[in-house]
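To keep things clear, I will list the structure first and then write my remarks on it.
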Amino acid sequence: MGVYLNPGKTRFQMAVDSAIFVDKTEMISYMNSIINTNQRYVSISRPRRFGKTMAADMLCAYYDRTADSRSLFENTKLAKCAPIRRGNQEIAWDHYLGQFDVLRIVLTDFIQRNMSVDDILDYLTEEVTGELMAAYPHISYGSRINLSGVMKKIFAQTNRAFVIIIDEWDAIFRIRQKDPEGQIRYLDFLREWLKDKDYVALAYMTGILPIKKYGEHSALNMFDEYSMTSPLQLARFTGFTEDEVMELCDQYGRDYQKIKDWYDGYLVRGVIPPDPGHTRQKETGSSPTSRIYALYSPLSVVKAVSTGVIQNYWNKTETYEALAEFIRKDYDGLQDAVALLMDGGRLKIDISSYQNDMTTFHGRDDVLSLLIHLGYLGYDSETKEVFIPNREILDEFKTSTKSAEWVSTFKAFERSQKLLRATWEEDAEKVAELLEEAHNRAGNKTYNDEAALSYAIQYAYYAAQKYYTTILELDTGKGYADVIFLPSPKYPELPALLIELKYNKDAKTALTQIRQQKYDERLEHYKGNLLLVSINYDKEKRNDDPEYKHHTCIIERA
């Protein structure tokens with residue numbers, strides 16, 4: 001057993017022998033389906049304490065030719081898996097058991113204070129090649145020693161391919177955040193070492209972050225990525241599933257509902273199953289959909305189940321300062337978004353522009369994308385929405401938003417909630433009053449024309465995003481309604497809102513336009529539960545006028 005080469009089964013044996021062990025060995029069956037194929041490059045990204053290292057230990061124990069691990073696996077779920085078909089071959093669960101040299105690298109072991117990235121890579125190369133050359137001393141390696149060359153020569157003379165497992169692969173991007181040139185050299189090192197190499201039977205990397213992107217492309221494009229936003233075939237291995245948590249609660253006599261209330265909430269989707277002959281689509285008119293898994297953070301569940309103490313265990317692994325640092329970056333109203341999420345709302349975001357690092361942020365959605373990968377937000381890949389997954393993470397947000405800088409954000413959100421309730425109650429005077437208050441706090445520069453007024457009104461109704469889908473300038477056939485709020489499927493009882501805005505006119509004109517142009521006919525489905533909200537902003541109203549008020553409002557039900 002070596003330090004890096006063939007590290008054996010000891011660490012996985014310790015996991016199996018632990019008081020709480022959740023069997024995830026079926027994951028090996030999927031790895032066996034892609035080993036020695038073009039899909040043999042796997043990158044796993046999950047938050048801390050989501051079982052990444054345990055899975056790496058499991059793969060080491062299974063594939064290591066020196067580990068003698070049959071007794072460790074023959075009573076696991078893996079041993080009950082049906083054989084895998086690859087072409088004309090059937091591969092049993094133990095087909096690759098103990099068949100490879102395993103190279104296990106934990107990148108953080110090579111990162112020391114004040115070391116440059118080049119020093120880190122030189123250190124890694126020296127340590128790993130030294131162990132490889134000691135294990136295969138009869139091979140002539142030549143005078144120019146590098147990792148790729150050494151492994152190529154070993155493979156050429158022994159025909160033994162390697163399973164390469166890199167844990168904490170993204171540590172350089174997390175620890176050396178301000179060294180982009182060093183990061184590029186690191187990616188070049190990985191690509192030169194791993195890409196299109198015959199000696200690679202399987203390359204398996206784990207980390208918190210997905211692979212760094214430069215522009216539109218990944219620097220390691222040979223890897224298939226399995227992340228918190230797209231776990232695909234590995235969805236059910238991303239965390240603890242509901243069935244696994246229920247089984248633990250039964251075993252330890254714990255109240256499952258209490259555990260669920262605190263730690264459930266991460267939502268991932270697997271691959272879409274095949275539909276042979278399109279039979280189901282012909283019968284039902286719809287294609288099959290991916291299975292949805294509700295996941296739990298493994299560490300929190302293990303702690304709560306084993307001790308019976310239900311509390312926030314997250315801050316024992318991730319300090320709240322990390323969360324506070326990122327949400328303090330108020331890109332594109334990020335703090336308002338956080339307030340909405342803390343109120344139980346969801347936000348649709350675009351994750352495509354996120355560069356998969358901890359420094360490159362071009363807007364609110366990039367920061368929220370990072371928080372998904374750090375485990376602070378859940379993500380629904382179908383609706384493209386983020387949300388706070390559970391009470392434990394909400395507790396982290398509450399701790400991270402206690403500073404004075406958040407006071408105005410939460411007051412503005414509370415005002416938006418009051419505005420929404422006043423609208424539902426058809427209290428036009430209160431709506432005008434709250435809009436006036438929002439305007440006064442924002443300053444007179446808020447409204448310069450009708451377009452600016454529209455933006456300001458949308459912002460004032462920010463809290464509506466929890467309950468509604470917003471549609472701007474809906475084409476009614478006879479004109480464009482300014483703002484439409486349609487109730488989400490979760491809140492079908494709420495009224496739809498049709499808001500028409502006027503600038504330096506009057507609210508009656510706005511309401512007349514709604515009626516004359518028959519805007520409400522486009523929302524016929526909501527008849528009887530539709531509120532017509534006409535709002536005017538009078539820029540010229542003087543503050544010494546006895547009836548001074550910039551905003552006026554009329555609300556009618558249709």
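Observations on the structure shown:
- Taking Cα atoms only, the orientation of helix 298-307 departs from the longest principal axis of the chain by about 90 degrees.
- Taking Cα atoms only, the orientation of helix 507-516 departs from the longest principal axis of the chain by about 80 degrees.
- Relative exposure of 526, 63, judged by other C-beta atoms within 10 Å (fewest first): 526, 63
- Column: log10 I(q)/I(0), Debye, Cα scatterers of region 110-230, q = 0.15 Å⁻¹: -0.75
- As a calculated quantity, the FRET efficiency between residue 325 and residue 139 at R0 = 60 Å, using C-beta atoms, amounts to about 0.75.
- Binning all Cα-Cα separations of region 70-152 at 5 Å, short to long from zero, yields these whole-percent fractions: 3, 11, 16, 13, 11, 11, 12, 13, 8, 2, 0.
- Simple label model, 7 Å out from Cα along Cβ direction - residue 10 to residue 352, nm: 4.9 nm
- Legend: ranking of residues 406, 424, 193 from fewest to most surrounding C-beta atoms inside 10 Å; resulting order 424, 406, 193.
- Between residue 70 and residue 38, the contour length at 0.36 nm per residue exceeds the Cα-Cα span by 8.8 nm.
- For the chain, the longest principal axis of the Cα atoms and the long axis of helix 117-135 meet at an angle of about 30 degrees.
- A Förster radius of 22 Å, combined with the Cβ-Cβ distance separating residue 178 from residue 381, puts the computed FRET efficiency at roughly 0.10.
- Listed values (i) -0.41, -0.81, -1.06; (ii) -0.30, -0.66, -0.94; (iii) -0.59, -0.87, -1.09, entry calculated as log10 I(q)/I(0) by the Debye sum over Cα atoms at q = 0.06, 0.09, 0.11 Å⁻¹: (i)
- With 24 Å as the limit, the listed pairs 80/195; 212/260; 52/213; 9/260; 52/152; 24/303 have 80/195; 212/260; 9/260; 52/152 beyond it between alpha carbons.
- FRET efficiency, 1/(1 + (r/R0)^6) with R0 41 Å, evaluated for residue 504 and residue 424 via beta carbons: 0.90
- Every helix of 4 or more DSSP H residues in the chain counts as -39500 (n - 2.57), and over all residues that averages to -11000 deg cm²/dmol at 222 nm.
- Working from label points 7 Å from Cα in the Cα-to-Cβ sense, the residue 156 to residue 470 distance is 6.3 nm.
- Peptide packing: for 158-168, 178-188, the average count of neighbouring Cβ atoms within 10 Å per residue gives the ranking 158-168, 178-188, highest mean first.
Every number in this text was worked out from the coordinates using simple rules, so none of it is lab data. Keep in mind that what you see is a predicted model, and the values were worked out from it rather than measured. Glycine also receives a Cβ, built like all others from the backbone with ideal geometry; neighbour counts cover every protein chain displayed.
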